[in-house]
Amino acid sequence: MNVTLKDIPGIGIKSIEKLNRLGIFTVDDLLGYYPYRYEDRTVSRPVSQLEIGEKALISIRLASGVRSRTSRYRKSLTEVDCSDDTGVIKAIWFNQPYIGDKISNYRDACLYGKIQEFNGRLHIVNPEIENMHNSHKIMGIKPVYRLSKGIQNYEVKKAITSFFKKYGRSVENIIPEYLIGKYKLMNRRDALRCIHFPTDRKSYQRAKITLAFEELLILQLGLAAVKAKTAIKKGNIHRFNNDIEEFKKYLKFELTGAQNRVIEEMKTDMCSNRIMNRLVQGDVGSGKTIVSFFAAFLAFKNGYQCALMAPTEVLARQHYEGFCEMFSNLGIKTEVLLGSQKKKEKEEIKKKIRNHDIDFIIGTHALIQDDVVFKNLGLVVTDEQHRFGVKQRSLISGKGNNPDVLVMSATPIPRTLSLIIYGDLDVSVIDELPPGRKKIDTFIIRGKRYEKLLKFVRGELDKGRQIYFVAPSIADNENGMISVDEIREKLEGELSSFNIATIHGKLKSEEKEKVFRGFEDGEIDILVATTVVEVGVNVPNATVMVIEGAERFGLSQLHQLRGRVGRGSEKSYCFLVTDSKNSNTMERLKAIEKSNDGFYIAGEDLKLRGPGEFLGVRQHGTVELKFASTYDYSGMIEVIHEESKRIVEENLIDQEGFESIKNSIHKYYKDKKIILN
């Protein structure tokens, strides 16, 4: 479709400039600028049933004599008395001098506007108005678009209407015709028209399903293409002797059945001639890190270097110390590379990496710098993968010659969604916790129960335990969110005999490190924090997690925060503090209160909020999921997964009828090299 905005009738330079301010630069942008809500103007209301403050459609008679005048502020005011069989109402327009001439000959008219009351009389303010025989221009289901200053809703609507009038037939289907027929979808032109100008609920829902199918098909085909390209690349073939048993000798605990299963899956990948491209997904405390250490051990035994990238310095250092403590006798030369290290120290470490004087390097974003060069990188591990972009992960993988890739996530994803979200990866699930891991008792705290909570906290502190308090913001703000500063001030009054410290993302790395060290060493009794403690903090003596403003956090985030306690031998507790009376909020919090199972919680989150939270977990170039993220389309996900697999495996993408979908994949993925040519 070679149509530009300036080709659309009635759209001049000024209109284009306004559309540009909304991020609309092309016809595709315009058609994809979907309404965020709709006004239902299908039924007119009698005057006697109108309610103050609502917007309403009314069919009325206009009294003769339209009155126009100019206020003392030089603004025009036009008004006319109106009535129906049930009552009277005054229509009033501010600063619309042309309206008087328009309605001077109207008798029966249709109006839509906001109902207000002045001096005991009903008014409809600045309404849209049409003569009764033109009422179709006002009535119906009308789109409402997100706007910026100086742009009116009708201007966006006019541009879209004008496009469909002249160029509607030029809209091509992106979904291949055989899939449209097979799954009874709409053609793209009709689907877009129904989204912008719906006529009934049934066709509107069908249009949403069609456009969600389109979004997911583009996404899944791209991921399937990535997977297919990775599969044909030759990987580093690892030799395997009795490495698992040797590895286990250094552990102070037995691996779970799930850990053993995942290790076998990784071993199969690494000993084949293809690149390992695997996600290990597991709940908080399920033992993903140990599994990744086995992969590093196998790479080392075969003469390769391994890099593990973590999102925070605290987590990177924790991995480094944990590995060194367990495997110091293995002879694996291990180092940690952090942005906060002194320049001289970093340069020395980089030199060792270049010369293969380091076998296993653990670090943060510092690992993806241009001057970090590996001699023989064979394995890349990314922890908490959702905190890294696609580009960051590909940068570190690019430092080796087709290295094996292992990514780890503690954000459980329901199976059907993982097919789409991680379509380019093989997925392993650690669905078993180590024996002896105690359940964390969780309670929702409201109102007066907070005083009892503080007494309980004092009791734990008196036993020598440590406590987390988490807030949704750092300092006082206009949104009414409780802050780190506010909690600290409150606790210093209630628990002044204990050492209290605060930590948040705005502190410098060295300051954060100092606070974390103080908490780990037991010098700090209470740590008041933002979500910086969500990952990478392991303090076995911490037994209580208090999350203030719990309604402000997502379920997976609450579950991750709760996972900071329960890491020692003592009984642990989590308290969700909220003032919310919203029933949906309480239902979400009860899911956390009821279960410690991250996969169950993820399933509940999916039921309560749809797949949007999960689909946002991973970055996919610039694929924008406008419909697939707001509606439960999980039923179609497996279907799209299978169809995408077939298209890629049978190389249908290069056949006639697939041109539009292929172009869309290239358009929506930033890195064109990942798509099959």
Item to check | So Ala296, is it crowded, with 23+ Cβ neighbours inside 10 Å, in contact with a strand residue (DSSP E or B) (Cβ under 9 Å, 6 or more places away or on another chain), of a type in the set (Gly, Ala, Ser) and not in a loop (DSSP other than H, G, I, E, B) | outcome: yes
Item to check | In segment 288-334, the residues that are without any contact (Cβ under 8 Å) to a residue 40 or more places away in the chain, out of contact with any Phe, Trp or Tyr (no Cβ under 8 Å at 6 or more places or on another chain) and under 23 Å from Asn355 (Cβ atoms) | outcome: Cys324, Ser328, Gly331
Item to check | Condition broken by Asn401, with the remaining ones in (1) under 23 Å from Asp269 (Cα atoms); (2) surrounded by fewer than 21 Cβ atoms within 10 Å (Cβ to Cβ); (3) at pLDDT below 80 satisfied | outcome: (3)
Next on the checklist: Quick check on segment 27-67: of everything there that is touching an Asp or Glu at 6+ places or on another chain (Cβ under 6 Å) and of a type in the set (A, V, I, L, M), which residue is modelled with the lowest pLDDT?
Outcome noted: Ala63
Item to check | Residues of segment 327-351 satisfying the condition of being within 30 Å of Ile244 (Cα to Cα) and surrounded by 15 or more Cβ atoms within 10 Å (Cβ to Cβ) | outcome: Phe327, Leu330, Ile332, Thr334, Glu335, Val336, Leu337, Ile349
Checklist outcome for this item: Apart from one, (1) surrounded by fewer than 17 Cβ atoms within 10 Å (Cβ to Cβ); (2) over 22 Å from Gly554 (Cα atoms) all hold for Ala475; the odd one out is (2)
Checklist entry - For segment 538-611, list the helices (runs of 4 or more DSSP H) that sit wholly inside it and hold at least 3 residues that are among the charged types (D, E, K, R); which are they? => result 583-594, 598-609
Checklist outcome for this item: Taking segment 505-544 and keeping only residues that are over 20 Å from Ser556 (Cβ atoms) and polar (S, T, N, Q), one is left with Ser509, Asn541, Thr543
Next on the checklist: Gly282 - would you say it is at pLDDT below 90 and either surrounded by fewer than 24 Cβ atoms within 10 Å (Cβ to Cβ) or among the basic types (Lys, Arg) (or both)?
Outcome noted: no
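Quick grid of which residues meet (1) under 22 Å from Leu576 (Cβ atoms); (2) touching a residue at least 24 places away in the same chain (Cβ under 8 Å); (3) assigned to a helix (DSSP H, G or I):
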| site | (1), (2), (3) |
| --- | --- |
| Gly464 | no, yes, no |
| Ala475 | no, no, no |
| Gly480 | yes, no, no |
| Ser496 | no, no, no |
| Thr502 | yes, yes, no |
| Glu510 | no, yes, yes |
| Phe519 | yes, yes, yes |
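The values are calculated or read from the model by the stated rules, or taken from the named source; none is laboratory data. What you see is a predicted model, and the numbers here were worked out from it, not measured in a lab. As a convention, Cβ positions derive from the backbone with ideal geometry for all residues, glycine included, and neighbour counts pool all protein chains shown.
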